[in-house]
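Following: one structure in structure tokens, then a few remarks.
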Amino acid sequence: MTADVHEDAQDGDGPVAVVTGASEGIGLAVARRLARDGYRVAMVARPSPKLDAAAAQVGPAAFPVGCDVTRSAETERAMAAVMRATDDQWVSAFQVKVFGALRMMRAAWPHLVAARGSVVNIGGIGARTPRDAFAMTGPLSAALLAFTKVFADRGITDGVRVNAVNPGAVLTPRTVAMLTARAEADGCTLDETVAGMVRRDHVTRLGTPEDVAGVVAFLLSPDGEWLQGAVIDVDGGRTKGL
Ligand SMILES: NC(=O)c1ccc[n+]([C@@H]2O[C@H](COP(=O)([O-])OP(=O)(O)OC[C@H]3O[C@@H](n4cnc5c(N)ncnc54)[C@H](OP(=O)(O)O)[C@@H]3O)[C@@H](O)[C@H]2O)c1
């Protein structure tokens, strides 16, 4: 059985596929293929070192779910474990992106006040245009932008500037790995996949890390001195709304 239980693939927000019979043979091949296509793969078979080894071999997108499908109670427990793993992914993403930034700003604040310093948070275009493809990264970035505004307001009193940038698709190692897997799955080259994305998203091109770094430097510089709580889209024209 292969079941897609969560349809929100982009930027690592991959849908979850539940593959039974996954410790060898066809199930293992299906698991391998879906992991390459960007799914998080719950690999189901009876608990064994063979299942664990198969999941390890498929890679970080896969996780083993030991379950004897002839036992009804075990199948219920297995699906609960799959859904818990999905929840854990959301919690962990919020921990890093939202609470991570919040903790860092809180810890740095006294020093920022003393130095009349400046903060730039990195959101993401899904914050302004949440949609299915940004099911996780959109709300994460929106929460971070809300905190940016909160700290920016506080910064008016404390003498700290706080702003944010929203990158579109940037060719970082994570994005390149994702696009390479997509290209392999589609049987085309990385350049063709990138060109297709540029056409589909109607953007000037995909970004480089340096494109984002330049805008961060501007926000920190004296030229950006009157910006407070600003959110700048750095996305080659991807965000079409005002
Ligand atoms: N790339 C894009 O297309 C894109 C688009 C929109 C927004 N963004 C945003 O831009 C930011 C950077 O994205 P990215 O693509 O360059 O890479 P990323 O995979 O999101 O982030 C990689 C960086 O985060 C560090 N990191 C991860 N977990 C950490 C933790 N718990 N504590 C400390 N550091 C941690 C990693 O260091 P270690 O693992 O070595 O600790 C590494 O330096 C992210 O906030 C992302 O959401 C990216």
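The values are calculated or read from the model by the stated rules, or taken from the named source; none is laboratory data. Nothing here was measured: the structure is a model prediction, and the numbers come from that model. Counting neighbours? That spans all protein chains shown, and the Cβs are built from the backbone with ideal geometry, glycine included. For the accessible areas, the whole protein counts, side chains as well, though only heavy atoms, and no ligand, DNA or RNA atoms are used. Shrake-Rupley method; radii C 1.70, N 1.55, O 1.52, S 1.80 Å.
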(request) Determine the principal axes of the Cα atoms in segment 93-234, then give the extent along each, sorted from largest to smallest and rounded to whole angstroms. (result) 55, 31, 23
(request) Name the residues whose placed amide hydrogens come within less than 5 Å of the amide hydrogen of VAL162, ignoring near sequence neighbours (fewer than 5 apart) on the same chain. (result) VAL119, GLY229
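Heavy atoms only, 1.4 Å probe, whole protein assembly: order TRP109, TRP90, TRP226 by accessible area, highest first.
Numbers: TRP109 25, TRP90 70, TRP226 240 Å².
So, going from the largest accessible area down, we get TRP226, TRP90, TRP109.
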(request) Have a look at THR208, THR172, THR70 and tell me which one the Gaussian network model of the chain (Cα, springs below 10 Å) gives the largest fluctuation. (result) THR70
(message) To make sure I understand the rule: partners must be aspartates and glutamates, Cα under 16 Å from the Cα of LYS97, and not fewer than 8 residues away in the same chain. Which ones qualify?
(response) ASP11, ASP13, ASP87, ASP88
(request) Sort VAL18, VAL91 from largest to smallest accessible area, using a 1.4 Å probe on the heavy atoms of the protein chains. (result) VAL91, VAL18
(message) Can you list residues from other chains, or at least 5 along the same chain, whose modelled amide H is less than 5 Å from the amide H of ARG128?
(response) none
(request) At 15 Å minimum axial length over the Cα atoms and a Kyte-Doolittle cut of -0.5, report the qualifying DSSP H helices in the chain, or say none. (result) 25-36, 72-94, 100-115, 137-158, 173-186, 190-201, 209-220
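Do any trypsin sites (Lys or Arg not before Pro) in segment 162-242 lie in a loop, going by DSSP, with at most 13 other beta-carbon atoms within 10 Å of their beta carbon, and if so which? Don't skip to the end; give the middle numbers.
Working: sites: ARG174, ARG182, ARG199, ARG200, ARG205, ARG238, LYS240; in loops: ARG205, ARG238, LYS240.
When the trypsin sites (Lys or Arg not before Pro) of segment 162-242 are filtered for loop state and at most 13 Cβ neighbours within 10 Å, LYS240 remain.
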(request) With a Förster radius of 45 Å, plug the Cβ-Cβ distance of ARG84 and GLU210 into 1/(1 + (r/R0)^6) and report the FRET value to the nearest 0.05. (result) 0.70
(request) At 7 Å along the Cα-to-beta-carbon direction for both THR180 and PHE99, put a label point, then send me their distance in nm to one decimal. (result) 3.2
(request) Provide the FRET efficiency to the nearest 0.05 for the TRP226-HIS111 pair, computing r from the beta carbons and using R0 = 30 Å. (result) 0.85
(message) Charges at C-beta only: +1 for Lys and Arg, -1 for Asp and Glu. How large is the resulting dipole of segment 151-226 about its Cα centre, in Debye rounded to 20?
(response) 160
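Under the definition of Cα pairs under 8 Å and six or more residues apart, what whole-number percent is the relative contact order of the chain? Walk me through the numbers before you get to the answer.
Details: 394 pairs, mean separation 38.6, N = 242.
RCO, the chain: 16 percent.
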(request) For the chain, evaluate the Debye formula with one uniform point scatterer on each Cα (no solvent term) and list log10 I(q)/I(0) at q = 0.15, 0.16 Å⁻¹, rounded to two decimals. (result) -1.04, -1.11
(message) What are the ³J(HN,Hα) couplings of segment 119-134, residue after residue, when phi is run through the Karplus curve with 6.51, -1.76, 1.60 and θ = phi - 60°? Round to Hz, x for glycine and proline.
(response) 10, 10, 8, 9, x, x, 5, x, 5, 7, 10, x, 7, 3, 5, 10
(request) Starting from the amide H of ASP233, placed 1.01 Å from N in the peptide plane, find each other amide H under 5 Å away whose residue is 5 or more places distant or on another chain. (result) ASN166
(message) Taking 25 Å as R0, compute the FRET efficiency from the Cβ-Cβ separation of ILE122 and LEU190 and round it to 0.05.
(response) 0.55
(request) Select from MET136, VAL113, ILE232 the residue farthest towards the positive end of the dipole of the chain; place +1 on Cβ of Lys and Arg, -1 on Cβ of Asp and Glu, and compute about the Cα centre. (result) VAL113
(request) Find which of ALA93, MET104, VAL18 sits farthest along the positive direction of the dipole of the chain, computed with +1 on the beta-carbon of Lys and Arg, -1 on that of Asp and Glu, about the Cα centre. (result) MET104
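Using a ≥ b ≥ c from the Cα gyration tensor of segment 1-130 (square roots of the eigenvalues), is it rounded, prolate or oblate, where a/c under 1.5 gives rounded and otherwise the larger of a/b and b/c decides, a/b for prolate? Walk me through the numbers before you get to the answer.
Working: a/c = 2.96, a/b = 2.55, b/c = 1.16.
Prolate.
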(message) Only four residue types carry charge here, +1 at the Cβ of Lys and Arg and -1 at the Cβ of Asp and Glu. Report the dipole size of the chain about the Cα centre in Debye, rounded to the nearest 20.
(response) 360
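Among ARG116, ARG131, ARG84, what's the order by accessible area (1.4 angstrom probe), most exposed first?
On the way: ARG116 175, ARG131 115, ARG84 135 Å².
If we order ARG116, ARG131, ARG84 from most to least accessible, we get ARG116, ARG84, ARG131.
Grab the DSSP H runs of the chain that are 4 residues or longer, score each as -39,500 (n - 2.57), total them, divide by all residues and round the 222 nm result to the nearest 500 deg cm²/dmol. Display every interim value, and only then the final one.
On the way: 8 runs with 121 residues, N = 242.
Mean residue ellipticity, 222 nm, calculated: -16500 deg cm²/dmol.
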